[in-house]
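Read through the structure below, which is laid out as structure tokens, and then see the notes.
The values are calculated or read from the model by the stated rules, or taken from the named source; none is laboratory data. Just so we're clear, the structure is a prediction, and the values are computed from it rather than from any experiment. With ideal geometry, Cβ positions are generated from the backbone for all residues, glycine too; neighbour counts draw on all protein chains shown. These accessible areas exclude ligands, DNA and RNA; they are computed on the full protein's heavy atoms, side chains included. Shrake-Rupley method; radii C 1.70, N 1.55, O 1.52, S 1.80 Å.
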Amino acid sequence: MLGDIVYWTEYYIRKKNVEAQPRGVLSDSLFIVSLCTVFNLLTITYIFEYYTGWCILQCLPIKSKMELSSWLYAVLLMLPVLVFTYCRYYNGRKLDRLFNNYERQPNKRRQLGKYIFLCYQIGTWGGLLLSYLLFKH
């Protein structure tokens, strides 16, 4: 499923950038997919905290956007997801193989992948917002 999300994110990023630019190691779609994954993990943790009464996220030393240490901890929180996503989908020729395999799939399967991508994006951002609004503790 994450392959569909990576494909469609990279597809829309490439479509937006009409100029033929060589794709670098640090792609915009890599950061978007990783950021959405981190937000989903944080949302699940936030809801888990609400129902169990545990304090997991409050123990994170991320307090202010003005503190350098908060930025360092945020990077350390996102780095494992970023490395996993890069190694799984962007390392070497993996993204090109994903594109070639995906473009050979039937049109119905591609439409299903686009639907999965849209539901994932709506669920990620909507779920983050709703969990913040509904599960305040």
Notebook entry, point to check: Could you say which residue among TYR50, TYR46 is touching a residue at least 60 places away in the same chain (Cβ under 8 Å), over 30 Å from ASN91 (Cα atoms), in a helix (DSSP H, G or I) and open to solvent by 80 Å² or more (accessible area, probe 1.4 Å)?
Noted result: TYR50
Next item on the list: Output the number of the condition that GLN105 fails; it satisfies all remaining conditions of (1) within 30 Å of GLU49 (Cβ to Cβ); (2) at pLDDT 90 or above; (3) not in a helix (DSSP H, G or I).
Entry: (1)
Notebook entry, point to check: Filtering region 128-137 down to residues that are part of a helix (DSSP H, G or I) and open to solvent by less than 90 Å² (accessible area, probe 1.4 Å), which residue is farthest from ASN40 (Cα to Cα)?
Noted result: SER131
Margin query: Looking only at region 104-127, filter to residues that are more than 23 Å from ASN40 (Cβ to Cβ) and open to solvent by 90 Å² or more (accessible area, probe 1.4 Å); which one of those is nearest to the chain's Cα centre (by Cα)?
Written below: GLN111
Notebook entry, point to check: Are any of the residues in region 1-18 of a type outside the set (Phe, Trp, Tyr), surrounded by 13 or more Cβ atoms within 10 Å (Cβ to Cβ), more than 24 Å from CYS119 (Cβ to Cβ) and at pLDDT below 90?
Noted result: no
Check: Out of all the residues in region 93-103, is one or more polar (S, T, N, Q), more than 14 Å from the chain's Cα centre (by Cα) and surrounded by 11 or more Cβ atoms within 10 Å (Cβ to Cβ)?
Finding: yes
Next item on the list: Looking at (1) surrounded by 12 or more Cβ atoms within 10 Å (Cβ to Cβ); (2) touching a Pro at 6+ places or on another chain (Cβ under 9 Å), find the lone condition where SER69 falls short.
Entry: (1)
